[in-house]
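Enquirer: Provided herewith is a single structure, encoded as structure tokens, for subsequent inquiry.
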Amino acid sequence: MTQKLAFKPKRANGVLRVLIIGRISTEHQNIENIDASYRYVEDYLRQVYDGVTEIRHLGERASGMLADRDTICEACDLIETGEWDLVIAEDLSRIFRNPRHQYNFVQDAVDAQTRLICIADNLDTADDNWELMLGAATLRHGLMVSDTRRRVRRTATHSFHNGGMVQKVRFGYRKLSKQEADSGHFGPKGLTVTKISECTPIIREMARRVISGATYVAVAEWLGQEGIKPPQYVVTGRWSGRVVKDLLADPILVGVRTFRETICEPVYRTGRHRRRKNDSPETAQVPELAHLEHDQHRQLIEVMNRREASHRRTSGRAHPLHGRSRKRSLWPAQHARCAVCGDMLYRYDRKVLKCRNASRSAGHTCWNRVQVNSEIATHILLTGLFQQLCDQDGFLEALQSAAHTEFARSRELKHRRELPDTDRLEDLHRQSANLTEAIVAGGQIAQLVDRLTQVTAGIQEIQSRSETQQQSTRGVSNAIAARIDAEPLQVLLDTASASFELADLIRAVCPVFDIVPVQALDTPQIRPMARLRCELISNTGTVDQIDLEKWLFEPPLHIRHLDECLRLKAEHPRDSLKTIASRAGLNHMTVKRAFDYARRMDQAGVTTPFQILTSKPANASRWKNRVDCTA
């Protein structure tokens, strides 16, 4: 079929631009299979075309069900430009496995006037029968998906009930080789896991501590202090409360193996999976694997269930973050980094950010335990950045213009969503037209006129409600538009508290955002300071860099008015403390503390009231370890 249809390059130079797509599914497949598929396609292309070609390879190791693979997104972008002549693959499954996405990809290529060939499927969009061949190809590959899924499940279930499918080796167990499993020395023949008897006292002590009231984190700290290594699947290499909890809740501790506790359901739109708990997992009794007695484990589970019930948080659709990607968060979350260890600051409370390595679960590997109030940080940093950028020519006008554009867009979307009874209004207009035609045709005039009157009244009522809503919306819109021009900074701050798009923009233009611990000279309290670097591309193409260093807290009163007190003292050296306090509008003890702090700065030979910490301080309030471990 392909040999009969000539290739026509779009470019005048006669070069045929070709995209070759290859893919393998899993890490168990040889990566060289992608190169082999490239070679197969190139050999085929040389047989059917002897002109000059420009070839680009797009291949990766990923599931064909995924809709957002890197190479497939790149292929879609290139096809959309309309500058490529041909997309070719060994078969349609190299592009996608899901028939839904296969149809979309092929039809998008046709719309972009880009020819598509799948060799093994005999599919060529330059042929008049390409839609018939596409349907046959999608049917063939679609049937393979369900058949493969069924065979994988069948084989996995059979393997589990014969001692296999050991996917996670818990602490206190080890995986057996095939020869050890077949020997039957460690339990039933074929069982590929066995318990480590030396770990039984440790697991029993863990259970006893939890039953006695110790937290999971406290038990994890105890294990770390004893030098007991966590299981191999713990990538951090240290115990955590979650690892302890999952281990103690596993029924394998009483000799009950479980399989398929979690069911992964495909999300066909994206190709990813949704996980849900399986209420009826596969189970197998293996008494040789027990570390705990049934009564002790039952008591342990009751304690853990009561603890979970008392700390249960809102979940599901009732949770305020339901349906929102974890990758999206309001600024400054997922941006600030610890200046000591360089790792990300995580939100551990509604408003507080803290270095992830400073927590007990991380073993306090970072000494910087300073806490950042995200609301205060947003206000201080955006205010400082706004003031700096206002010095740039045209910035304020550009900001106001962008705010007006974004507000108009969001207002239009909201108006469309809230437009009352749109479908009902269209239906009434159709009824009105039909009734009018029936009256003209001479039907039952009285009944038709009565019905037309009712329909007309319904149309007028909906139009009246719509006009009222539009007038109200216009009034609010005018007020907000005026506020954008009058208070651009406040509008920016309000937007930052709700806009994920603004958060993404700030992260993009600010490559540096470090949280530095600082300490005053007269108190052991540690406070946060931010180093923020903003890089903007000017109209001339140069990069304008703005550096900010801001305290993310309100300094004490005597430090806040330190410069003013020193200035008044220099101007009136004979004035008493009370006189200077009167001039400054302060309490005289505040002035006294300001002068005392100035002397401390002179003695330390520093010019700034807060000193940057580069090593762990010997004395820091609220940074002491609080170990909750029941001995």
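A quick yes/no check of all residues on (1) surrounded by 12 or more Cβ atoms within 10 Å (Cβ to Cβ); (2) modelled with pLDDT under 85; (3) under 39 Å from the mean Cα position of the chain (by Cα):
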position: GLU535; (1), (2), (3): yes, yes, yes
position: SER538; (1), (2), (3): no, yes, yes
position: GLU549; (1), (2), (3): yes, no, yes
position: HIS558; (1), (2), (3): yes, no, no
position: LEU566; (1), (2), (3): yes, no, no
position: GLU571; (1), (2), (3): no, no, no
position: ASP575; (1), (2), (3): yes, no, no
position: ALA584; (1), (2), (3): yes, no, no
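Enquirer: Can you tell me which residue among ASP127, ASP147 is assigned to a helix (DSSP H, G or I) and not small (Gly, Ala, Ser)? First the steps, then the outcome.
Expert: Details: ASP127 fails: assigned to a helix (DSSP H, G or I).
Every option except ASP147 fails the conditions.
Enquirer: For the stretch 247-285, give me each residue that is in contact (Cβ under 8 Å) with a residue 24 or more places away in the chain and of a type in the set (Asp, Glu).
Expert: Once the filter is applied, which keeps residues that are in contact (Cβ under 8 Å) with a residue 24 or more places away in the chain and of a type in the set (Asp, Glu), the stretch 247-285 yields ASP250, GLU282.
Enquirer: Which residue pairs have Cβ atoms under 6 Å apart, sit 6 or more places apart or on different chains, and have a first residue in the stretch 93-106 that is among the aliphatic types (A, V, I, L, M) and a second that is at pLDDT 90 or above?
Expert: Here the result reads ILE95/ILE21; ILE95/ALA89; ILE95/PHE105; VAL106/LEU116; VAL106/LEU134, each pair linking the stretch 93-106 to a residue that is at pLDDT 90 or above.
Enquirer: Criterion first (in a helix (DSSP H, G or I), at pLDDT 90 or above and out of contact with any strand residue (DSSP E or B) (no Cβ under 7 Å at 6 or more places or on another chain)) does HIS141 satisfy it?
Expert: Working: in a helix (DSSP H, G or I): yes; at pLDDT 90 or above: no; out of contact with any strand residue (DSSP E or B) (no Cβ under 7 Å at 6 or more places or on another chain): yes.
Against the criterion (in a helix (DSSP H, G or I), at pLDDT 90 or above and out of contact with any strand residue (DSSP E or B) (no Cβ under 7 Å at 6 or more places or on another chain)), HIS141 does not qualify.
Enquirer: When the stretch 190-245 is examined, which residues are found to be of a type in the set (Lys, Arg) and more than 18 Å from LYS175 (Cβ to Cβ)? Spell out how you get there, then give the answer.
Expert: Filtering the stretch 190-245 for residues of a type in the set (Lys, Arg) gives 195, 204, 208-209, 229, 238, 242, 245.
Within the stretch 190-245, ARG204, ARG208, ARG209, ARG238, ARG242, LYS245 meet the criteria.
Enquirer: Could you please find all residues in the stretch 20-63 being assigned to a loop (DSSP other than H, G, I, E, B) and without any contact (Cβ under 8 Å) to a residue 60 or more places away in the chain?
Expert: Residues of the stretch 20-63 assigned to a loop (DSSP other than H, G, I, E, B): 25-31, 49-52, 62-63.
Hits for the stretch 20-63 are SER25, THR26, GLU27, HIS28, GLN29, ASN30, ILE31, TYR49, ASP50, GLY51, VAL52, ALA62.
Enquirer: Could you list all residues from the stretch 589-613 that are surrounded by 15 or more Cβ atoms within 10 Å (Cβ to Cβ) and either without any contact (Cβ under 8 Å) to a residue 12 or more places away in the chain or assigned to a loop (DSSP other than H, G, I, E, B) (or both)?
Expert: Selection gives PRO609, LEU613.
Enquirer: Then there is this: Do we find that ARG307 is part of a loop (DSSP other than H, G, I, E, B), modelled with pLDDT of 85 or more and either assigned by TED's automatic domain parsing to the domain that holds ILE252 or among the charged types (D, E, K, R) (or both) in this structure?
Expert: Details: part of a loop (DSSP other than H, G, I, E, B): no; modelled with pLDDT of 85 or more: yes; either assigned by TED's automatic domain parsing to the domain that holds ILE252 or among the charged types (D, E, K, R) (or both): yes.
Judged against the criteria, ARG307 is not a match.
Enquirer: Based on what the data block shows, is SER374 surrounded by 13 or more Cβ atoms within 10 Å (Cβ to Cβ), modelled with pLDDT under 65 and of a type in the set (Ser, Thr, Tyr)? Spell out the reasoning first.
Expert: Numbers: surrounded by 13 or more Cβ atoms within 10 Å (Cβ to Cβ): yes; modelled with pLDDT under 65: no; of a type in the set (Ser, Thr, Tyr): yes.
Against the criterion (surrounded by 13 or more Cβ atoms within 10 Å (Cβ to Cβ), modelled with pLDDT under 65 and of a type in the set (Ser, Thr, Tyr)), SER374 does not qualify.
Enquirer: Something else about it: Return the only residue of GLU288, GLU302 being within 24 Å of GLY164 (Cβ to Cβ) and modelled with pLDDT of 90 or more.
Expert: Details: GLU302 fails: within 24 Å of GLY164 (Cβ to Cβ).
So the residue among GLU288, GLU302 that is within 24 Å of GLY164 (Cβ to Cβ) and modelled with pLDDT of 90 or more is GLU288.
Enquirer: What pairs come out if I take residues in the stretch 187-207 that are part of a helix (DSSP H, G or I) and pair them with residues that are exposed (fewer than 15 other Cβ atoms within 10 Å of the Cβ) and among the hydrophobic types (A, V, I, L, M, F, W, C) whose C-beta lies under 8 Å away, six or more apart or interchain?
Expert: ILE202/ILE228
The values are calculated or read from the model by the stated rules, or taken from the named source; none is laboratory data. In this text the structure is predicted, and so the values were computed from the model without any measurement. Cβ sites come from the backbone with ideal geometry, for glycine too, and all protein chains shown count toward neighbours.
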